[in-house]
Ligand SMILES: Cc1ncc(COP(=O)(O)O)c(C=O)c1O
């Protein structure tokens, strides 16, 4: 190995994903025969509906290159049309060139940030925020201005603060995740409208991450794009619905001039997205009735798991603070009352919980500079009784420390 490798050290801003780090320890413990309760991952526990998989399986047996071939970078016309029609049902009007496929949500994030941001741009974010954004924003060299979302206010985005920031700074964009990872809060219609009007008034863009848009348990998802179509770039993934994270498919929609450039970033990184995933999604989106039934079933299951987690927290962790997630896959649990007096960070707790109690979680510090004593808990991947057991073990550990 060269002692002084000569390379672009900016890539060192890319760090191993925190959930990957946790996975490595988890896998080691599993190999040692330990049973690990997984409250760390955003991996869906329900595969795409059987009818869609059966149709795809039939097509896989055809003597054709269709499911194996390169596709246009933007995506096959038929799948783009299926997405366009689905969004139209929600009142969004999008032209052919305003949607592009991406290799999962992550590729949409990378491409949108690459296209939009220049070094030194001011970008407002709401803290806590999905950890995937932090390294990309560092890499883009932007000046991040964070706006803390108060747990006591249900993690509502503080739009007065955003307005103040936009009045005092030349703001390039704001990033918002709704339904949120890690907090599960969703934005209201009034918030969507206000965000849109602020963006128009102050001339900034809104990057809205809608990876969980169909997993809303209370209320409904509000599409900000409707209110400011020239200012909103929306990022989406098929990883959560219909649940194909390993097949790498997502999409971005927004103003044509941005989306056509996002497409070029996708072209230069992966050339095209998997043909097989495109076809599955097309089958899935086209049968609207059965898709609705599938989503309803998934939501019922996830909701009952969420409720199992909440009831166990209520029972065993009276001093913990949380906000009942209205959407998504996660609950953000503030354990400040337990950890601060012991001078223990969430990272230390999360590691101890995994190694000593066999429960995998993600420290809140990976999402937030502000919440140092929180854990992000996923309520989708385990069965309700194991979720309860996981919370029970967490409460036990907090008593022991
Ligand atoms: C809010 C959010 N955006 C984007 C992504 C990345 O999506 P994907 O797994 O499709 O790359 C995730 C993944 O968990 C996410 O939670």
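Taking the listed residues 233, 147, 165, 151, the one that is within 16 Å of the ligand (Cβ to nearest atom) and at pLDDT 95 or above is 233, with no other qualifying.
From the list 184, 250, the lone residue that is at positive phi and in contact with a helix residue (DSSP H, G or I) (Cβ under 9 Å, 6 or more places away or on another chain) is 184. So which of 154, 132, 141 ends up being without any contact (Cβ under 8 Å) to a residue 40 or more places away in the chain and in the same structural domain as residue 240 (by TED's automatic domain parsing)? Criteria check complete, one pass: 141. Checked against the criterion of being touching a helix residue (DSSP H, G or I) at 6+ places or on another chain (Cβ under 7 Å) and modelled with pLDDT of 95 or more, the stretch 295-302 has no qualifying residue.
With the condition kept exactly as written, say whether any residue in the stretch 333-356 is within 16 Å of the ligand (Cβ to nearest atom), crowded, with 24+ Cβ neighbours inside 10 Å, not assigned by TED's automatic domain parsing to the domain that holds residue 210 and not in a helix (DSSP H, G or I).
Start the filter on the stretch 333-356 by keeping residues that are within 16 Å of the ligand (Cβ to nearest atom), which leaves none.
The answer is no; no qualifying residue exists.
Would you mind stating whether residue 121 is surrounded by fewer than 18 Cβ atoms within 10 Å (Cβ to Cβ), assigned by TED's automatic domain parsing to the domain that holds residue 203 and over 15 Å from residue 267 (Cα atoms)? Walk me through how you get there before you give the answer.
On the way: surrounded by fewer than 18 Cβ atoms within 10 Å (Cβ to Cβ): no; assigned by TED's automatic domain parsing to the domain that holds residue 203: yes; over 15 Å from residue 267 (Cα atoms): yes.
So residue 121 fails the test.
Only residues that are more than 26 Å from residue 246 (Cα to Cα) and either within 12 Å of the ligand (Cβ to nearest atom) or free of Cβ contacts under 8 Å to residues at least 40 places away in the same chain (or both) were counted across the stretch 92-111, and they come to 1. For the stretch 351-387, a residue qualifies if it is within 15 Å of residue 320 (Cα to Cα) and touching a residue at least 40 places away in the same chain (Cβ under 8 Å), and the qualifying residues are 363, 364, 371, 374, 375, 376, 377. Selection of the stretch 124-144 for residues being away from the ligand (no atom under 14 Å from the Cβ), part of a strand (DSSP E or B) and buried (at least 21 other Cβ atoms within 10 Å of the Cβ) yields only 124.
The values are calculated or read from the model by the stated rules, or taken from the named source; none is laboratory data. Just so it is clear, the model here is predicted, and its values are computed rather than measured. Methodologically, a virtual Cβ is constructed for each residue, glycine included, from the backbone with ideal geometry; neighbour enumeration extends over all protein chains shown.
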